[in-house]
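Novice: Got a structure here, written out as C-alpha cells. Questions coming.
The values are calculated or read from the model by the stated rules, or taken from the named source; none is laboratory data. Source: prediction; values computed, not measured. Glycine gets a Cβ as well: all are built from the backbone with ideal geometry, and neighbour counts include every protein chain shown.
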C-alpha cells in the first residue's frame with residue numbers, strides 16, 4: 001500500500017499557517033491567496049483533511065481524496081470548506097477563529113480491502129460504500145474513541161447512513177465495499 005506523504009516540521013508549520021490564513025480570510029468573507037513560493041514538498045500531489053477543534057470538541061472536518069493538486073492547495077481549500085461548509089455545524093464566525101485548533105491529515109491513495117483482518121485500528125482510515133452512500137472516518141477517530149475494528153466499521157457504516165451492522169455484509173453480493181487508507185497527521 002502507498003503510504004501518505006510525510007513532511008518535516010517546517011513544512012507542517014507552513015501547511016498549518018496556510019490553513020489558518022485560509023480560515024481567517026474565509027470567515028471574513030475574503031479569499032486568501034497562497035502566499036510565497038512553495039517548497040517541493042508542498043507541491044506533492046495528495047488528498048488531505050483539515051479538522052477544526054474548539055475547546056477540545058470537533059468544530060468542522062472536511063477533506064478530499066483527490067490527489068490532482070498540490071497538497072498546499074488542497075489544504076488551503078479544505079480549511080475554508082471545513083470552516084464554512086461542514087453541514088454538521090453552523091459556519092465558523094470570525095471571532096471564533098483565534099480559538100480554533102487545527103489538525104491536518106495528508107492521505108495515501110485508498111485501496112480496496114480484500115479481507116477484514118487487513119484493517120488495523122491506529123494505522124488505517126476507512127471508506128465504506130454501498131450504492132450512493134459513502135462514509136469516511138480517519139484513523140485518528142477510532143484512536144480518539146478507543147474503538148476496536150468492529151466498532152470502527154460500525155461507526156463508518158453509520159457515517160454512510162447505513163445500519164451499524166452493514167459491515168457484516170462485506171464480501172456478499174450487493175454488500176458494502178470497504179477501502180482503507182493511511183494518513184500523516186499533525187496539528188497546532
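Novice: Consider the stretch 7-35. How many of its residues are loosely packed, with under 12 Cβ neighbours inside 10 Å and farther than 24 Å from residue 84 by Cβ?
Specialist: Residues meeting the conditions: 3.
Novice: For residue 49, only one of the following conditions fails: (1) outside any strand (DSSP E or B); (2) under 26 Å from residue 123 (Cα atoms). What is its number?
Specialist: The number of the failed condition is (1).
Novice: Test residue 92 against the criterion of being in the same structural domain as residue 16 (by TED's automatic domain parsing), under 13 Å from the mean Cα position of the chain (by Cα), crowded, with 21+ Cβ neighbours inside 10 Å and within 30 Å of residue 15 (Cα to Cα), and give yes or no.
Specialist: It is false that residue 92 is in the same structural domain as residue 16 (by TED's automatic domain parsing), under 13 Å from the mean Cα position of the chain (by Cα), crowded, with 21+ Cβ neighbours inside 10 Å and within 30 Å of residue 15 (Cα to Cα).
Novice: Which of the residues belonging to the stretch 95-118 are surrounded by fewer than 20 Cβ atoms within 10 Å (Cβ to Cβ), part of a loop (DSSP other than H, G, I, E, B) and under 18 Å from the mean Cα position of the chain (by Cα)?
Specialist: If the condition is that a residue be surrounded by fewer than 20 Cβ atoms within 10 Å (Cβ to Cβ), part of a loop (DSSP other than H, G, I, E, B) and under 18 Å from the mean Cα position of the chain (by Cα), then 109 is the only one that fits.
Novice: I need a count of the residues in the stretch 52-89 that are part of a loop (DSSP other than H, G, I, E, B), closer than 19 Å to residue 15 by Cα and without any contact (Cβ under 8 Å) to a residue 40 or more places away in the chain.
Specialist: Total meeting the criteria: 3.
Novice: Tell me, please, whether a residue that is under 24 Å from residue 47 (Cα atoms), buried (at least 21 other Cβ atoms within 10 Å of the Cβ), touching a helix residue (DSSP H, G or I) at 6+ places or on another chain (Cβ under 9 Å) and touching a residue at least 40 places away in the same chain (Cβ under 8 Å) can be found in the stretch 153-160.
Specialist: No, that holds for no residue.
Novice: Quick one: count up the residues across the stretch 121-138 that are surrounded by fewer than 18 Cβ atoms within 10 Å (Cβ to Cβ) and out of contact with any helix residue (DSSP H, G or I) (no Cβ under 8 Å at 6 or more places or on another chain).
Specialist: 5
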